[in-house]
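Bear in mind these aren't lab numbers, they're just calculated from the coordinates by the rules spelled out. Just so it is clear, the structure is predicted and the values come from calculations on it, not from any experiment. All Cβ positions, even for glycine, are placed from backbone atoms using ideal geometry, and neighbour counts span all protein chains on display.
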Protein chains: 2
Amino acid sequence: MGKCSSPSIRRRIGAWLLPGCGCRFTVWAPARNAVRLRLVDSGRSVDMRKDEHGYFTAEIADLAPGALYLYDLGEDGLRPDPASRFQPEGVHGPSMVVSSAYDWDCNTWQTPPLSRWIIYELHVGAFTPEGTFDAAIKRLDHIAELGATCVEIMPVAAFSGCRNWGYDGVYPFAVQACYGGPDGLKRLVDACHARGMATVLDVVYNHLGPEGNYLSLFGPYFTDKYHTPWGLAVNFDGPWSDGVREYFFENARQWFEEFRFDGLRLDACHAIFDQSAVPFLQELAERTANLADELGRPCVLIAESDQNKTRTILPVAEGGLGLQAQWADDFHHALHTLLTGEREGYYEDFGQISQLATAYEQPFVYSRTYSAFRQRTHGSSAAGLPGERFVVCAQNHDQVGNRMLGERLSTLISFEACKLAAAALLLSPFVPLLFMGEEFLETNPFLYFVNHEDQALNTAVCEGRRKEFESFHWQGEPPDPVAAATFERSRLDWAKIEGDYNRHTAMLAFYRRLTALRASESPLMRLAPWAVRTLWSEKGRWL
Amino acid sequence: MGKCSSPSIRRRIGAWLLPGCGCRFTVWAPARNAVRLRLVDSGRSVDMRKDEHGYFTAEIADLAPGALYLYDLGEDGLRPDPASRFQPEGVHGPSMVVSSAYDWDCNTWQTPPLSRWIIYELHVGAFTPEGTFDAAIKRLDHIAELGATCVEIMPVAAFSGCRNWGYDGVYPFAVQACYGGPDGLKRLVDACHARGMATVLDVVYNHLGPEGNYLSLFGPYFTDKYHTPWGLAVNFDGPWSDGVREYFFENARQWFEEFRFDGLRLDACHAIFDQSAVPFLQELAERTANLADELGRPCVLIAESDQNKTRTILPVAEGGLGLQAQWADDFHHALHTLLTGEREGYYEDFGQISQLATAYEQPFVYSRTYSAFRQRTHGSSAAGLPGERFVVCAQNHDQVGNRMLGERLSTLISFEACKLAAAALLLSPFVPLLFMGEEFLETNPFLYFVNHEDQALNTAVCEGRRKEFESFHWQGEPPDPVAAATFERSRLDWAKIEGDYNRHTAMLAFYRRLTALRASESPLMRLAPWAVRTLWSEKGRWL
């Protein structure tokens, strides 16, 4: 009694169909005195009620799925819903009321333990000629036969234009229309489960994209207290941050609950700035654990972080943030530099046999170690932590795509060396991640591509990429990220494995043998890095 | 072998006299290609050698204590040493070579456990009419007889002008000249120990003051990645941050080792921004623990933080930063609002009896609780943690001095209510802190005062203060922080207790009885907040 207790401000933000035929609209807009709901088809405008936490609501009695709407912000224009669940006409157009109902085919799915995951990362647009969820479904048998047990989908939140890696998404709840929208994504998840594969969605909670981002008109979603490399930092610890956190908590809940994802890959957690006593990531982990209990199935959170910080994955009771796993890029760098001999950019910190040996024993090579590239001491020690807490790779979208020419290992090193990379990865005591195409020695690059509607922005992106490549001292001009051809060149070429025996089908067979070996050999399933004994010689260049 | 290991970059930065009669100069200046040492008296210039970590060194064979020097940065002028140990002519003048030798009187001192500390916070300038360390020594018997067991000294690092709270210091290693310089401070510490009192120094590691701050000319001491309310944030996690950390590690070492302080109070830890895997504060705690082992005596770190974040004081093994104690201002706010009825500014979050009851059981009233003032959920729970991990007060320099008129409780509430405040504090299960003068019902205000040499800066400070008071809706004009009279009005008036019995001497006697009670009653020594049982009624307004 009398104690100031935290008000529960959980809201189903967005447009939610009510039992019967009505629809309830809720938008968090504490910066506004008034918000009116505009129904596009009828041209009708409806005043919304504001509560003390800045949530505006309105209910419409007669409204069917498919109705288009916008929020009228007076002088600041008619804007889409920050929690829009579908943007059929792009990031500047109206939001659409969609039904969350879906007739799931696979209702017996059980998520395997993380220690059995072999992740296959794909970009929906470049994975197939059609670039849609439905086209991807047709290739799922290939992934299942490869022996992967989890499909990880690069971000699908609605972005401007039709070609984008996904990290420019501006409607975190809306599934990109040209990929097939929300129902298409559900069909893909369902089809993965039907084939015995878990699903992970890559989500971006550290920033939003530059075009179609109207969130600041609604409320303090962003802060200028911190800087990210990609724009305004999300306000996770300042005034009104409870509402911002709720926005992302609800987002995570949507993917787990409504879309039945098994896991989320949280992009660039090192750019989530948060000084609060209970950081956003910790609270997300706590809520996700509660949700998992509620749903009766695992809900896995995997951080991408370049900080080599064990706090991310330690349990809350041990002072950690409580996430289940995190990416460990040092493993990649140690392997890549030995295979390629490259020493540019951040690879200057790697290149020694001993580092790969370390990476097998605990994946953070830099653990309170001075990094010449970072010009500071870096990382904490992950020694003794279970292998399933770390996702490692020999290639991924960043390591390939952030090269000026987007070269895969297949064009940098020999066939035999690629086999070595595959074995090094798939026999490691961590959770391996494959990047689409590496299993069949795809030689097409994976380039950086965008096509914003805003041409000035496209120009700025090109300039920014050029600058990024300076530290690598790469010669020549980077391919134009905006050109359609750059995107087309980045697609997988499935014809490579449709013919008779060739080096592509041979590599695929090798990958299949490795995944089968991993699944059948019990020591490989234990993921106990501390039990790894490495023998190596720097002079002899062997491990 | 072959492993990239962190190079030890520990340096004795500053000017250090060598055995014999030479002197070694070391300055961390990675931003410079060349630095020349200028000896002021002889006009001689000496080239310095730079190492790979950005340290420049030079040795001079014949140099006695008292020699003045500057660093020649070419176009960027002749500048004082960032690690200057004395600035006899102010923040823009030359640095002085000083001897660290000191003939300590008290060599048998043993630091009492934190659970027995009663801290007495004083500002050297305003504590006595003379405003010096030596004058303060003459009043130490008063503090000892009061029953305080620890003297905490507001920051003494060299600042511009001669009147300053201390948070504008720009030479963290140099003791302000007008207070009596380094030897004066040592005499004060020695005299405290001789009277059985520990010593704590308030140090500012989150920012440096605005005038005389030439550090950016030497290297990346600061970063624009984060913002503090007081200027550039210190670079604790970016490129070259190892050198910045060393600078502050060496600073802490100086106070513990050379000046024999028992503890450091780390100002505004919430403004120390640091995303790294091993945060600066954790590394400081680890190094300080090692130093304590080396010195064979406790070296206590106490954080000021407004985050209600238990991570600050949890052991490293439990995922904490490993500091010994932290300030818990919620205790003050709960007590202050009940006593005064004030509800302005951050006091809007307080005012309920139940909150003071909570504060006795665990000092963070806000522990995952929604704060109307902060407009967000705030804090984590400190339930179950030992009382000696929290420093609480009924008044301190901030709570008094950040009021527009700098009023102490003595002028806001009745004599009897002041006694209640004293008892509430001194019988609490936490480490109590008294603010100089409260023990004898000083009625002089403690106002904010500065006198920078830069008049434009003084004007900006006045304007900034005025704005700060807006959220408190205080009427009228704040006293001019720059006026000498503002400082003079803030001095303690010792005449109040030099006469016969009066309300001042009566209050002093009451404080003495309370400290004696605290020292003699064993339940009060246990500092077990979880054993506190509070009975209270919101309606009846009693506790």
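Convex hull volume of the Cα atoms of the stretch B:145-191, normalised per residue: 92 Å³. Copy A relates to copy B by a rotation, and the A residue whose beta-carbon is nearest that axis, with the distance in whole angstrom, is A:GLY319, 0. When the alpha carbon gyration tensor of the protein assembly as shown is reduced to an equivalent ellipsoid, its three semi-axes come out at 55, 37, 27 angstrom, largest first. Model label points for B:ALA519 and A:GLU145, set 7 angstrom from Cα along the Cα-to-Cβ axis, are 8.6 nm apart. With a Förster radius of 30 Å applied to the C-beta separation of A:ALA292 and B:ALA383, the computed FRET efficiency comes to 0.70.
In a reduced charge model with +1 at each Lys and Arg Cβ and -1 at each Asp and Glu Cβ, the stretch A:196-337 shows a dipole moment near 80 debye about its Cα centre. Placing +1 on each Lys and Arg Cβ and -1 on each Asp and Glu Cβ, with no other charges, gives chain B a dipole about its Cα centre of roughly 1000 debye. Filter the cross-link list A:LYS309/B:LYS309; B:LYS186/B:LYS496; A:LYS138/A:LYS496; A:LYS50/A:LYS225; A:LYS309/A:LYS419; A:LYS419/A:LYS496 down to pairs whose alpha-carbon distance in this structure exceeds 21 Å. Cα-Cα > 21 Å for B:LYS186/B:LYS496; A:LYS50/A:LYS225; A:LYS309/A:LYS419; rest within. Size descriptors for the stretch A:114-531, from the alpha-carbon set: Rg then Dmax equal 20.3, 63 Å.
Given the stretch A:440-514, report the % of alpha carbon pairs whose separation exceeds 15 Å. Cα-Cα pairs of the stretch A:440-514 separated by over 15 Å account for 66 percent. Using only Cα coordinates, the Kirkwood hydrodynamic radius of the stretch A:361-432 works out to 14.1 Å.
Extent along the principal axes, Cα only, for the stretch A:21-77: 29, 22, 14 Å, with the longest axis given first. A dipole drawn for chain A from +1 and -1 charges on Cβ atoms has a positive end, and of A:THR411, A:ALA198, A:ALA61 the residue lying farthest that way is A:ALA198. Compute the separation of the alpha-carbon centres of the stretch B:354-407 and the stretch B:412-430 and state it in Å as a whole number. Between the Cα centres of the stretch B:354-407 and the stretch B:412-430 lies a distance of 16 Å.
Calculate the FRET efficiency for B:GLU344 and B:ALA456 from the Cβ-Cβ distance with a Förster distance of 35 Å, rounded to the nearest 0.05. So, using R0 = 35 Å, E works out to roughly 0.70.
Taking amide H positions as modeled 1.01 Å from N, with prolines and chain starts lacking one, the residues under 5 Å from B:ALA174 and 5 or more places away or on another chain are B:ALA158. Each of A:THR443 and B:ALA531 was given a label point 7 Å from its Cα along the Cα-to-Cβ line. The distance between the two points is 7.9 nm. Taking every residue in B:376-383 and counting other chain Cβ atoms within 10 Å of its Cβ, the average works out to 5. In nanometres and ascending order, the distances from the A:VAL46 label point to those of the other copies are 8.2 (point 7 Å from Cα along Cα→Cβ). Per-residue Karplus couplings for the stretch A:70-79, computed as 6.51 cos²θ - 1.76 cosθ + 1.60 with θ equal to phi - 60°, are listed in order as 9, 9, 8, 9, x, 4, 8, x, 8, 10 Hz, Gly and Pro entered as x. Peptide packing for A:401-409, A:120-128 was compared via the average number of neighbouring C-beta atoms within 10 Å per residue; ordered from the highest value, the list is A:120-128, A:401-409.
In nanometers and ordered shortest first, the copy-to-copy spacing of the A:ALA383 label point, defined 7 Å from Cα toward Cβ, is 3.8. A Förster radius of 56 Å, combined with the Cβ-Cβ distance separating B:ALA484 from A:SER42, puts the computed FRET efficiency at roughly 0.20. Overall, the stretch B:3-142 carries a charge dipole of about 560 debye about its Cα centre when +1 sits on the Cβ of Lys and Arg and -1 on the Cβ of Asp and Glu, all other atoms neutral. Across the stretch B:475-483, computed HN-Hα scalar couplings (Karplus, 6.51 cos²θ - 1.76 cosθ + 1.60, θ = phi - 60°) run 7, x, 8, x, x, 5, x, 8, 5 Hz from first to last residue, x flagging Gly and Pro. Packing order of peptides A:181-192, B:430-441, A:415-426, highest average first: B:430-441, A:181-192, A:415-426 (average count of other Cβ atoms within 10 Å over each peptide's residues). Close amide H pairs (under 5 Å, H built 1.01 Å from N) link B:TRP240 with A:ARG376, residues at least 5 positions away or on another chain. Only one residue of A:TRP230, A:PHE261, A:VAL170 has its Cα farthest out toward the positive end of the dipole of chain A, where Lys and Arg carry +1 and Asp and Glu -1 on Cβ, and that residue is A:PHE261. Couplings 3J(HN,Hα) of the stretch B:200-211, computed from phi: 10, 10, 7, 10, 10, 10, 9, 7, 10, x, x, 10 Hz, in residue order, whole Hz [Karplus 6.51 cos²θ - 1.76 cosθ + 1.60, θ = phi - 60°; x for Gly and Pro]. Looking at the protein assembly as shown alone, DSSP beta bridges between its own residues are antiparallel in about 55 percent of cases. Placing a label point 7 Å from Cα along the Cα-to-Cβ axis, B:ALA506 is separated from the same position in the other copies by 10.1 nm, shortest listed first. For the stretch B:74-202, the mean projected area of the C-alpha convex hull, equal to one quarter of the hull surface, is 8.6 nm².
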